[in-house]
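The structure appears right after this line, and notes come after that.
Every number here is computed from the coordinates shown, using simple stated rules; none is lab data. None of these values were measured; they are calculated from a predicted model. FYI the Cβ positions are ideal-geometry reconstructions off the backbone, even for glycines, and counts take in every protein chain you see.
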Amino acid sequence: CVTGTSNLLKEPEFLHNDKAHSLVNFFEGESKLKEFSDVFMEAGSSLSEKPIILIGQEISITQLQNCSLIVGSYNVGNSITGAIGLLGPTRMQYSKSVATLEEMIKNLSYLLTKIYNITGKNLE
């Protein structure tokens, strides 16, 4: 789910309509979302404890190269379950964004572990 798109498009990186148009079109296409998901999960799969930061051309998707992506993995029990991240302008406040993402990961991991323990599902 993409939220805050209009806020992202107000950033100087997207003042040129062609860049903003390219970004919005990217997220409207289902096949492009699959491409983004693949990049996202690939970045997430290489994580250990700390989120990783991809800036500009470090992101392999051309339409996102005016952005930064911060990706972290979350756990259920002791198993890495998935990845969650933030997409924003290259001038984002990285320390604040990483801290926010780490807090989201901590809470998501805690809640999912609690839910799985309550339902008795196998965590491995």
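One table, with the values for the structure above:
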| read-out | value |
| --- | --- |
| Fewest-first ranking of Y74, Y94, using other Cβ atoms within 10 Å as the exposure measure | Y94, Y74 |
| Residues S37, S73, S95, sorted so that the one with the fewest Cβ neighbours within 10 Å comes first | S95, S37, S73 |
| Whole-Hz couplings from phi, Karplus 6.51/-1.76/1.60, listed for the stretch 102-113; x for Gly and Pro | 4, 5, 4, 4, 4, 5, 5, 4, 4, 5, 5, 4 |
| Length gained when the stretch T100-V24 is fully extended (0.36 nm per residue, less Cα-Cα span) | 24.9 nm |
| Two-site label geometry, T62 and N78: point separation in nm, points 7 Å out along Cα→Cβ | 4.6 |
